[in-house]
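Visitor: Quick one: the structure is below, questions incoming.
The values are calculated or read from the model by the stated rules, or taken from the named source; none is laboratory data. This one's a predicted model, so the numbers in the text were calculated from it and none came from an experiment. Note: ideal-geometry Cβ built from the backbone for every residue, glycine included; neighbour counts use all protein chains shown. All accessible areas refer to the heavy atoms of the entire protein, side chains included, with ligands and DNA or RNA removed. Shrake-Rupley method; radii C 1.70, N 1.55, O 1.52, S 1.80 Å.
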Amino acid sequence: MSRLVVVSNRVSLPSERAARAGGLAVAIREALDRHGGLWFGWSGETAESPDGHAATVTKGRIDYAVIDLTEAEFEGFYNGYANSTLWPLFHYRLGLVKFQRADFKTYLAVNARFAAALAPLLRPDDVVWIHDYQLLPLAGELRKLGVTNRIGFFLHIPLPGVDTLAVLPGLGTLMRGLIAADLIGFQTERDLQNFYDFVRQEASGTVHADGTVACFDRELEAGAFPIGIDAQGFAALAEKAVTQPDCVQLKEGLGTRKLMIAIDRLDYSKGIPNRFEACEELLRSHPEHRGRVDLVQIASPSRSEVASYRDLRREIDRLSGRVNSAFSELHWAPIRYLARTYPRKSLAGFCRIAQVGVVTPLRDGMNLVAKEYVAAQDPEDPGVLILSRFAGAAAQLSSALIVNPFDVDQCAEAMHRALTMPLAERKERWQAAMAVVGRSDVRTWWTSFTTRLRNADSRAGITPSRSLALRSD
Ligand code: GDG
């Protein structure tokens, strides 16, 4: 079979495997370990004048090829356009969007540099799979260099509706680059529909009855491919982890109190402040839980160079202090907020110990923690998942307690309901969720995308769309 070349902004090198949090790295690593291939991207290092060629290393079934960025590129491409423009916009946080033309130029230039370093490494029958919002125009840059290989793209974060997308200066440039791919994958049907709306309403393209798209003088395929986890692997990890020192310590510290667990990258899309407010409301409106439940929030630091992330940290510090000072007793504090990264095994154990998993992002492409919490449960005594309707996972995990994270009272009621839910109902809900998590796992995601990509009927230029211009251009 032809070689698969995975491209993501950040490559998780073998030397740093255990240390990093983040859904994309977790999923790619698990899948590449199994199938083998080349993983290309940024090394995570900056250099004064980086070599244009990729440095390569092989470990097991994976070849790694990485390039360094300059400090200015890191600032403009990563902290700037990717994380201060695209990330907030695609998570519907218009108030946080910062647009600087210089950053946009750097973003495009870095994508061109990725293409220039990758193109010489490609063999004629390689299949290229590009990941995520940092690399939206990369397929177009590769085409400009004459790359004719099959190219797929998967968006890990939500694709907003056209009204929101249209806010973005330079949208046409990005989308033309994206549409140079042969297959574009999204997490949910909703994201896919938003893409179709863009094609029809903004680019005067056509969506055929079979879901293929004619746009910008190309025909391509698009689909929803909900990402999953290694469900069996995570379940086994969780079962073993409960005897780990971290987990034993957590359990002993709890005594007879119940545990609500929340695990996130420290990101404003994850709804951590709303969650703390919900916990506060729970203790206010259901005083019977005072002294009887702990909310443990693990928040792995992320993107701390970006101002909005520093603001978020301050906000979370303030809120956890407020709730704790209002409700703590000499022997108990309601919220334990741990702004650090834990080993994956410990997280699996924490999930298994917890009676409630609180996954309440304000917006999330999928949210793998929701699936990990489900997989970690003891089938004989499973916990309850509280899940935001705005996580992609909610489209699949309908047996969770689905909440609107902006509705603090509703979230507090869901916490109360989860903490008091009878075993029979817990089992019934968990079995339904686990069936989905097991069926729609990371292998299914990987195989369904790569199979469709290998078979994609690449017909660039056959059916020109009516216009090459965006309505908003
Ligand atoms: C993006 C999209 C989409 C968290 N803390 C630690 C740690 N983690 C792990 C979790 C989980 C992963 O990181 C986070 O994945 P999520 O899916 O929840 O969120 P994002 O990082 O925002 O991922 C998201 C995903 O891509 C995949 O497509 O689902 O919507 O935003 O696996 O367990 N891992 C370790 N220590 C921590 O402290 N080791």
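Visitor: At 30 Å minimum axial length over the Cα atoms and a Kyte-Doolittle cut of -1.0, report the qualifying DSSP H helices in the chain, or say none.
Guide: Span-like helices, by this rule, are 307-327.
Visitor: Just to make sure I understand: if all protein chains stay in place, what is the order of Trp430, Trp332 by accessible area at 1.4 Å, largest first?
Guide: Details: Trp430 35, Trp332 5 Å².
So the residues, ranked largest to smallest area, are Trp430, Trp332.
Visitor: Suppose R0 equals 56 Å. What FRET efficiency, 1/(1 + (r/R0)^6) with r the Cβ-Cβ distance, do Arg257 and Asp125 give to the nearest 0.05? Intermediate values should be presented prior to the final figure.
Guide: Details: r = 58 Å, r/R0 = 1.04.
The pair Arg257/Asp125 has a calculated efficiency of 0.45.
Visitor: Continuing with the same structure: Mind giving me the nanometre distance, one decimal, between the label points for Ala236 and Arg417, set 7 Å out from Cα along Cα→Cβ?
Guide: 3.6 nm
Visitor: Would you kindly state how much longer the chain becomes between Ala116 and Arg190 on full extension, computed as 0.36 nm times their sequence separation minus their alpha carbon distance, in nm to one decimal?
Guide: Working: separation 74, 0.36 × 74 = 26.64 nm, distance 3.39 nm.
Between Ala116 and Arg190, full extension yields 23.3 nm more.
Visitor: Using modelled backbone amide H atoms (1.01 Å from N, in-plane), which distant-in-sequence or interchain residues come within less than 5 Å of Lys258's amide H?
Guide: Hits under the 5 Å cutoff: Val293, Asp294.
Visitor: On the protein heavy atoms, probe 1.4 angstrom, tell me the percent of accessible surface of the chain carried by carbon and sulfur.
Guide: Values: 9400 of 18720 Å².
Of the solvent-accessible surface of the chain, carbon and sulfur hold 50 percent.
Visitor: Another question, if that's okay. Say each of Gln249 and Ala102 gets a label point 7 Å from the Cα, pointing the same way as Cα to Cβ; how far apart are those two points in nm?
Guide: With each label placed 7 Å out from Cα toward Cβ, I get 4.5 nm.
Visitor: So which lysines can Lys345 reach, going by Cα to Cα under 29 Å and dropping same-chain residues fewer than 8 places off?
Guide: Lys59, Lys240, Lys251, Lys258, Lys270, Lys371, Lys427
Visitor: If you don't mind, another one. Looking at the P(r) of region 293-378, how many percent of alpha-carbon pairs lie beyond 20 Å?
Guide: When all Cα pairs of region 293-378 are counted, 45 percent exceed 20 Å.
Visitor: Taking the Cα centre of region 231-439 as origin and charging only Cβ (+1 Lys, Arg; -1 Asp, Glu), how large is the dipole, in debye to the nearest 20? Could the numbers behind the result be given before it?
Guide: On the way: 29 positive and 25 negative charges, 81 e Å.
With Lys and Arg at +1 and Asp and Glu at -1, about 380 debye.
Visitor: Would you mind checking the radius of gyration and Dmax of region 231-439 based on alpha-carbon positions, in Å?
Guide: When restricted to the Cα atoms of region 231-439, Rg and Dmax are 15.8, 47 Å.
Visitor: A further question follows. Dipole of region 231-439 (Lys/Arg Cβ +1, Asp/Glu Cβ -1, origin at the Cα centre): which of Ile261, Asn367, Cys279 lies farthest to the positive side?
Guide: Most positive-ward Cα: Asn367.
Visitor: What ratio of Cα Rg to 2.2 N^0.38 Å holds for the chain? Please list the in-between numbers first.
Guide: Working: Rg = 22.6 Å, N = 473, 2.2 N^0.38 = 22.8 Å.
So the Cα radius of gyration is 0.99 times the expected 2.2 N^0.38 Å.
Visitor: For the chain, what does -39500 (n - 2.57) per DSSP helix run (n ≥ 4), summed and divided by total residues, give at 222 nm, in deg cm²/dmol to the nearest 500?
Guide: Working: 16 runs with 181 residues, N = 473.
Taking each H run of at least 4 residues, the total per residue is -11500 deg cm²/dmol.
Visitor: With a 1.4 Å probe and every protein chain left in place, work out the accessible area per residue of the chain in Å², rounded to a whole number.
Guide: Per-residue value: 40 Å².
Visitor: Also, quick follow-up: Stretched out fully, how many nm does the piece from Asp409 to Arg3 gain, at 0.36 nm a residue minus the Cα gap? List each step's numbers first, then the result.
Guide: Details: separation 406, 0.36 × 406 = 146.16 nm, distance 5.12 nm.
Stretched fully, the Asp409-Arg3 segment lengthens by 141.0 nm.
Visitor: Dipole of the chain, Cα-centred, from +1 at each Lys and Arg C-beta and -1 at each Asp and Glu C-beta, to the nearest 20 debye?
Guide: I would put it at about 300 debye.
Visitor: Still on this structure, please answer the following. List every residue whose amide H lies under 5 Å from the amide H of Gly357, counting only residues 5 or more places away in sequence or on a different chain, with H placed 1.01 Å from N in the peptide plane.
Guide: Here Ile261, Val384, Leu385, Ile386 satisfy the definition.
Visitor: Pairs of Cα atoms under 8 Å, at least six residues apart: use those to get the relative contact order of the chain, whole percent.
Guide: 17 percent
Visitor: Provide the FRET efficiency to the nearest 0.05 for the Ser204-Glu75 pair, computing r from the beta carbons and using R0 = 35 Å.
Guide: The formula returns an efficiency of 0.45 here.
Visitor: Given the whole protein assembly as supplied and a 1.4 Å probe, what does the accessible area of His286 come to in Å², nearest 10?
Guide: Answer for His286: close to 30 Å² accessible.
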